[in-house]
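Below is one structure, written out as structure tokens, with a few remarks after it.
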Amino acid sequence: MKTYYIKTLGCKVNQYESDGIAAGLEQHGLIRAKTGRAVDVCIINTCAVTSKAAMQSRQAVRKLRRDNPDAKIIVTGCHVQTAPDMIRQIGDRVQLVSHQDKTRLARYLVTDPDPFPLTFIPTDHSPENRFHGFTHPVSGSMTRAYLKIQDGCDAFCTYCIVPHARGSSVSMPQDMVIHHVQALGNAGFKEVILTGIHAGRYGRDLTPPTTLVKLLETIQDKKPVHRIRLSSIEPNEIDDRLADLAGPDGMVCDHFHVPLQSGDDTILKKMKRPYTADLFKEVLWRIHEKLPFAGIGVDTLIGFPTETDAQFENTYALIEQLPVSYLHVFPFSPRKGTPAFSFTPRVSDAVITHRCQRMRDLGRQKRETFIRANQGRCLEAVVQNKTDTRTGRLKAVTSNYLTLYLEKTPSLKGTIVNVTYDRWDKTLNISGELYHGKGL
Ligand code: SF4
């Protein structure tokens with residue numbers, strides 16, 4: 001029996017794809033090793049979103065190659081697509097696998113000779129680009145399963161390397177999405193998280209074209225799983241129909257993760273983001289009015305070139321006044337190959353660090369306000385399968401994206417429960433309990 005080790009860097013889409021590769025290898029009899037030593041195959045699924053992630057990706061390739069002198073070293077992912085020569089230079093035995101070949105990697109590794117050898121293919125931005133999905137349902141080791149329904153992006157925001165890595169926007173056909181969600185539901189998953197690079201563009205490339213809302217309505221009609229969560233959605237792609245699907249009668253979680261990046265219109269324009277601060281404000285209040293307890297997470301990108309103190313304050317003030325429940329704060333990272341790489345003047349590292357800290361402090365306040373607003377309410381949650389190693393308790397994730405710690409009760413693992421809470425500690429860890437009242 002051959003063994004393999006897989007190292008994943010980057011986002012949830014990469015994690016999903018690594019889980020898909022792993023499931024394929026296991027179907028072909030390979031055994032997953034827990035550590036990257038003395039294995040037959042090493043796979044490194046790289047990330048390029050920041051220069052740090054790219055550097056860590058190369059380090060992982062070097063280390064696994066050094067520790068496994070006889071192993072096949074397979075390198076795939078966004079850093080391979082955007083800087084193939086840097087990966088090749090690492091040394092011999094390093095084989096690059098393009099993004100679109102991830103789904104047939106397992107067959108390639110175990111079937112010899114393969115009729116379609118893997119050769120590196122640059123990122124495809126042509127209209128002929130198509131969705132490359134795993135035929136087998138991918139569940140990974142999570143209690144809540146991810147499903148990639150869309151890939152690629154045509155937006156080319158000026159700071160973002162992702163379109164250069166993943167090509168034009170392509171979608172998993174709708175019947176395939178239903179098939180995968182049904183299979184995950186049948187396997188006992190209570191929640192499926194629909195993910196993509198630009199999920200709001202879902203369906204535009206399909207024949208006939210469709211939309212994310214239509215897909216969600218179809219899932220809702222068939223109810224193949226208890227609930228659906230969206231991983232991220234652009235502000236200009238949230239409409240009333242989408243918000244209604246997250247209402248009391250819908251099966252979409254009342255949780256929206258919305259990238260803002262900047263709250264200053266001049267910076268938004270330089271970033272090539274297709275909305276204004278006013279539109280963002282209007283969208284968030286509209287969600288909040290319909291769904292007052294919805295979790296609303298916001299991404300911010302701090303220290304974009306030319307961002308002045310006043311422009312940063314515009315972002316800060318916008319978020320401060322909005323019903324935001326948590327923040328993700330990213331410092332600007334210049335990526336070669338993107339327009340913003342050459343925008344000047346750049347903001348100094350010290351200023352970026354200071355602004356990020358202020359933003360994180362604001363994020364903490366927002367989180368605490370949201371926790372307080374939900375205190376004593378009955379919340380629906382999925383209980384994780386694994387006991388949390390740090391606390392020895394069970395984690396449960398609510399529909400509106402709060403994480404609660406419950407006393408360890410093995411029979412609850414993987415189930416849907418009603419929970420409530422009235423305590424949390426200084427680090428905002430919430431102690432929850434089962435709700436025995438009248439229900440939701
Ligand atoms: S929408 Fe913009 S930030 Fe998001 S993946 Fe596309 S180019 Fe990158």
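When A165 is tested against (1) assigned to a helix (DSSP H, G or I); (2) in contact (Cβ under 8 Å) with a residue 40 or more places away in the chain; (3) more than 16 Å from the ligand (Cβ to nearest atom), just one condition goes unmet, and that condition is (3).
When A381 is tested against (1) of a type in the set (G, A, S); (2) free of Cβ contacts under 8 Å to residues at least 40 places away in the same chain; (3) assigned to a strand (DSSP E or B), just one condition goes unmet, and that condition is (2). If we scan segment 89-108, do we find a residue that is of a type in the set (A, V, I, L, M, F, W, C), part of a helix (DSSP H, G or I) and modelled with pLDDT under 95? Checking segment 89-108: at least one residue is of a type in the set (A, V, I, L, M, F, W, C), part of a helix (DSSP H, G or I) and modelled with pLDDT under 95.
Among the residues making up segment 126-159, those that are more than 16 Å from the ligand (Cβ to nearest atom) and over 26 Å from V252 (Cα atoms) are S126, P127, E128, R130. Applying a threshold of 6 Å to beta carbon distances and a minimum spacing of six or more residues, or different chains, the list of pairs starting in segment 124-148 at a residue that is closer than 18 Å to S231 by Cβ and ending at one that is hydroxyl-bearing (S, T, Y) reads F131/S171; F134/T103; A145/S139; Y146/Y16; Y146/T195; K148/Y16; K148/T195.
Matching residues to (1) among the charged types (D, E, K, R); (2) in contact (Cβ under 8 Å) with a residue 60 or more places away in the chain:
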residue	(1), (2)
I302	no, no
Q311	no, no
N314	no, no
L318	no, no
V324	no, no
D349	yes, no
Q357	no, no
G392	no, no
Y401	no, yes
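Checking L379, L322 one by one, the residue that is modelled with pLDDT of 95 or more and within 23 Å of D278 (Cα to Cα) is L322 and no other. The condition (being within 23 Å of K12 (Cα to Cα) and out of contact with any His (no Cβ under 7 Å at 6 or more places or on another chain)) is satisfied by just one residue among L105, L109: L105. Across segment 416-440, the number of residues qualifying as surrounded by 15 or more Cβ atoms within 10 Å (Cβ to Cβ) and in contact (Cβ under 8 Å) with a residue 60 or more places away in the chain comes to 1.
The values are calculated or read from the model by the stated rules, or taken from the named source; none is laboratory data. Fair warning: this is a prediction, and the values are worked out from it, not measured in the lab. Quick reminder, even Gly has a Cβ in these numbers, built from the backbone with ideal geometry, and neighbours come from all protein chains shown.
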